Amino acid sequence: MESEGRLSVLALGGVFEIGKNMYVVQYNDNLIVIDCGSKFPVESLLGIDLIIPDIGFLLQNKHKVSALVITHGHEDHIGGIPYFLKQLNIPVYATKLTLGLIELKLKEHRLKKPELYEITPASELAFGELKLSFFRTNHSIPDCLGIVIDTPAGRVVHTGDFKFDLSPSNGQVPDIHKMARIGEEGVLLLLSESTNAERSGFTPSERLVGEKIMEAFQKADYRIFLSTFASNVSRLQQVIDAAVHTHRKLALLGRSMINVVKVALEQGYLSMPEGMLIEAKEASELPREAVAVLCTGSQGESMAALSRLASGRHPHIEILPQDTVILASSPIPGNERNVAAVLDGLYLRGANVIHGSGSATGMHVSGHGSQEELKLMLSLMKPRYFVPIHGEYRMLAQHKKLAESVGVDSGNIYILRNGDVLDVVRENNRYDVTQSRKVAAGNTLVDGLGIGDVGSVVLRDRRHLAEDGIFIVVATLSSNERSLLSGPDIITRGFVHVKEAEALLSELNEKIKADILTLLDAEHREWSVFKHKIRETSARLIFTRLGRRPMILPVIIEV
C-alpha cells in the first residue's frame, strides 16, 4: 500500500516557555491552528506591551489554513487573536464564554466581527481530511475543551489546559468516560500540557479555595480587597458568594475585571443579587465593614488596580489600616519581584495581607494538573507517540519521564522547540516519524499600535539609552564659507546632571569645537567625517572621566 499522506504537528508558541500558545496540525493541504495566545514581556524588552507568536509560516500557507480552534479563554490562549485576525481572517471556533471574551478583544481593537462559531463538547467539525471532535476538561475558567483530530494517518489529541477536579465549584466535571473511550479507540499522538509536571500528587480542588475565602470574609472587620486573575470565573463566583453571605456590596477595579464580570453575568456564568455591584467612588462612602473590592493586579503589574492601591495612587479608594487584602493567586514565574513590591506596599499601609497557596492560607490552587493527573491523562489516552507541550524545558523533560513511567516508549516521545515539525507518514500499517524540519517561529513584539516593527536593533538602542542615557551635540556649519556658525551645543538626558557636570561638559565643548575647526581648515567635504570625529572624541573623554558609554548623537545643521 502506498503512503497515505503526511501528518505534521508543530508548535509556533508554548514550548520552552510559559505563554503565547499556538499549535498547528496539518494533513497534506489541510491545516488547523489550535490557540493563539500572548505573554507579557520581561524587563529587558523595554517599552514592549505584549509578545505574540510569529505567524509567518501560516501567512505563507494561508490557502491551507482552515480554522482557528480555541481550547479556553485564558490570555495565553486567546491574547494574540486580534493581531492574528488582522493578518489572517479565518473562522474561529470556541465555547460560549471563550467567544464572549474574544468578542471583547475584537471590539477593543475595532475589528469587524469575523466568523465566530460556538462549539460544545458534543460538536463535530470537518475541514477536508481533518475531522474534529471534543471532550470536556476542567481548569480555572469554565468551558474548557480537549480536541480530538482524526486524520487518515491516525488520531491526534490536544488536551488543552486541564486538571481532574472531581468536585469543581462550577459543576463542570471532566468527562473521564469520554477520554477513556477516545483512548480505547486508539490515539496515535497525544499533545498534553506540562505546567505542573514538577509537582507531585494531585492538584487540590477549587472548592477548597471557596471555603478559605468564606472564612476570611467572616473574620474581616473592615473592607476586603481581593485580587485574582479576572478570567478565573469560578473564583469570582466564590468571592460574590462570600460577599453576599457577609452582607457586603461589591466594587470592581480594573478594566479586565469589569469586562470579564460583565460577559460572565450576561452569559449566565456568574450570578449575584440585583444592586450588589457598586462604583469605586461609592465604596469609599459606605461603612468599611460593608464593602468588598474585587480587583486586578495579582501579578504585580505596575498599572493594575492592586499596585495603585498599594502605593496610594488609586483615584477613588484607598487601603486603610486593618483592611484585609487577599491575593488569591500565585506569581507566574518571572513576576515574583513585582508581587513582592506590591506586598511591601500593602504591609506599609497597615493592611492585613493574606496570600499564598500553601496550607496555611489556601487562597489559591493551581488550575493545572499535577503529576498524578498527567499520568492519568496518559493512561486514559494510551498514545503511541507523545509530545509534551505548554511549559518550559524542565517541565517538558519531567513530563517525558512521567510518560515513560506509564509505559510510553522513550523512543516515541518527542520534545519540540517552537518551529520544530514532527512529521508522521503511515505506510503499509507502519509509521515513519521524523523530527528534522523547522519552520520560522519566534516572537512578534507589540508596542502600542505597532506589531512586529520593533526588532533587535531598536531594543538594543532602548537598552543603551536606559543604561547610559543620551549625549547630543548640535553644530551649525556654513556650506559655502566652510565655517562654524554656532555651537557646538550639548544636550544630555539620563547621562549626567548638567549643573553637577559643568566642568566636564565645558571640556567636551572645547574639544569638539577644536575638532570641528581643524576639519574645516582641512577642507573636508563630507559631514559624516565631522560626525565620526565628534562621536570618537566624546566617547573617549566620557569613558576616561566617568566610565560610561552613553548613546552619542552628533547633529550637523548645514546652512
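Each reported figure results from applying straightforward, stated rules to the coordinates on display, with no laboratory input. Because the structure is predicted, anything quoted here is derived from the model rather than measured. Backbone-built Cβ (ideal geometry, glycine too); neighbour counts: all protein chains shown.
Within the stretch 89-172, the GluC sites (Glu not before Pro) that combine a DSSP coil assignment with at most 14 other C-beta atoms in a 10 angstrom radius are E115.
Here the stretch 75-163 is assigned +1 on the Cβ of each Lys and Arg and -1 on the Cβ of each Asp and Glu. Its dipole about the Cα centre then comes out at about 220 debye. Electrostatic bookkeeping for V421 treats Lys and Arg as +1 and Asp and Glu as -1; over the other residues with beta carbon under 12 Å from its beta carbon, the sum is +2. If R0 equals 41 Å, the separation of the Cβ atoms of I470 and R110 corresponds to a calculated FRET efficiency of about 0.70. Axis angle, to the nearest 10 degrees, between helix 336-348 and the longest C-alpha principal axis of the chain: 90 degrees.
Helix 233-245 axis versus longest C-alpha principal axis of the chain: approximately 80°, rounded to the nearest ten. Taken about its Cα centre, the stretch 206-355 carries a charge dipole of about 200 debye when Lys and Arg each add +1 at the Cβ and Asp and Glu each add -1 at the Cβ. Between the residues F135, I470, V263, the greatest Cα displacement towards the positive end of the dipole of the chain, with unit charges on the Cβ of Lys, Arg, Asp and Glu, is found for I470.
For the chain, the Cβ-based charge dipole about the Cα centre amounts to some 280 debye (Lys, Arg positive; Asp, Glu negative; other atoms uncharged).
Each of K163, K39 has some number of other Cβ atoms within 10 Å of its Cβ, and from fewest to most they run K39, K163. From Cα pairs below 8 angstrom and at least 6 apart in sequence, can you work out the relative contact order of the chain, rounded to a whole percent? Reported relative contact order: 16 percent.
Counting charges near G210 (Lys, Arg +1; Asp, Glu -1) among other residues having Cβ under 9 Å from its Cβ returns a value of 0.
Summing Lys and Arg as +1 and Asp and Glu as -1 over all other residues whose Cβ lies under 13 Å from the Cβ of V261 gives a net charge of +2. Tell me whether the stretch 206-355 comes out rounded, prolate or oblate; compute the Cα gyration tensor, take square roots of the eigenvalues as a ≥ b ≥ c, and use a/c under 1.5 as the rounded threshold. Here the stretch 206-355 falls in the rounded category. Comparing A328, N412, A397 along the charge dipole axis of the chain, the residue lying farthest to the positive side is A397, per the Cβ-charge model.
Extending 7 Å from the Cα toward the beta-carbon at both V529 and E118 defines two label points whose distance is 7.5 nm.
Between the helical axis of 527-546 and the longest alpha-carbon principal axis of the chain there is an angle of about 80 degrees. Packing, as the average of other Cβ atoms within 10 Å across residues, places the peptides 484-494, 165-175, 429-439 in the order 165-175, 484-494, 429-439, highest first. For the stretch 13-133, averaging the sequence separation of C-alpha pairs within contact (under 8 Å, six or more residues apart) and dividing by the residue count gives a relative contact order of 22 percent.
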